[in-house]
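Just below is one structure, and these are the notes that go with it.
Just so you know, all these numbers are worked out from the coordinates, no wet-lab data involved. Note that the structure is predicted; figures quoted are calculated from it, not measured. Every residue, glycine as well, gets a Cβ built from its backbone with ideal geometry; the counts of neighbours run over all protein chains shown.
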Amino acid sequence: MNLKFIKTDLSLSVRSWLRSKGTVFWTILFPVLLILIFGAIFSGQGDIEYKLAVQNFDDTDLSTQFIEMLEESTFFNITTVDNDAEMAKYMQENDFIIGIQIPSDFGETIQEYFGDNTVSINITYYTDPTEQTTGPIAQSIISGMLNEYNNIITNSRNVVGMNHESILGEEFDFIDYFVPGMIGFTIMNSMVYGSIERNTKYRKDGILRKLLTMPVTRYDWIFSKMLFMMFLSFISTFVILIVGILVWGIGIQMNIFFFIIIIGTSFMFSGLGMLIGRFVKDQETADVAGGAITFPMMFLAGTFFPLDQMPDILQTIAQFLPLYYVNEALRNAVIYGDIDKTLFFMGFVIAFAIIFFSLGVIFTKWKED
């Protein structure tokens, strides 16, 4: 082992790294961002309070007693739903993941039980099946409370049980919820890093300066590259969908909004990549800067973690992130089939696309300042 060579090479590598102030900055910032983000997400997990919608068709002390048990547990922040509201629709419109519905004969059936111990009654537990964190945890807590409630009123006999209902029109699995987020994340990475690599490499090799001598405008060249990047976006999107359908049997509703969102997402993140490549000119530094921007966005924008599990400050931050609107637009377009919400989130995607791509075009230059 040539220790002298190893020592010399290591020293040169460290000095080379230190000479690039941008690389040092982004290398240090990246792990700092990660620990701050994940620390904020997962700290205080024991203090989580779940939003629970409760619709009570039974006007007796027995149903009131059960609701009071839920309130006193400190696990739930209860919202009362009017009896004339459609539970599933109400939960979707008001962003509730979990809810319970107490039937009108709840108290009457329990009273009948003392004369006929074969009778039973079920409350209905509503949940969003695409959300795999809150739903199962809350279900376990409510089941435990039902056991305690049965123990109190019937000495451990199970007179009260629980049915399960989805708030969606069809049965969906978590993979159906996850796939739109994966599509948005994949396009973001491809577009940002593709634009960074193209702009920094072309600038370093002098290709951008040579384009000045050619009979082609800067806008034509950028638009041509953008069409190629958009082509790659659709390739990766359909690969994800095909594998998801063949392997996992996912159910996706293809529509015109889906294609508009993909196109808008491609333009948006290509523009972001051009901006990063413009202001962080060294390719290695630009790659680190791209990671420092896109990687935290992936976790804060609801790609993997439901926003309601995050602190309020992070939920607020998420609403300023472009990827959040991509994820929500795709989910509402291809899973929930909610046209109003699709148009709402898609509008933000298009607005971000216009802003980022326009700025990327404006700031991209073929010659050095």
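Numbers at a glance
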quantity	calculated
Ranked packing of 188-198, 66-76, most packed first, by mean Cβ within 10 Å	188-198, 66-76
Tensor-based shape of segment 267-366 (alpha-carbon gyration tensor, a/c under 1.5 rounded, otherwise prolate or oblate)	oblate
P(r) histogram, all alpha-carbon pairs of segment 46-166 included - 10 Å bins from 0, percent	13, 47, 32, 8, 0
Percent of Cα pairs exceeding the 26 Å cut-off, where the set is segment 174-363	32 percent
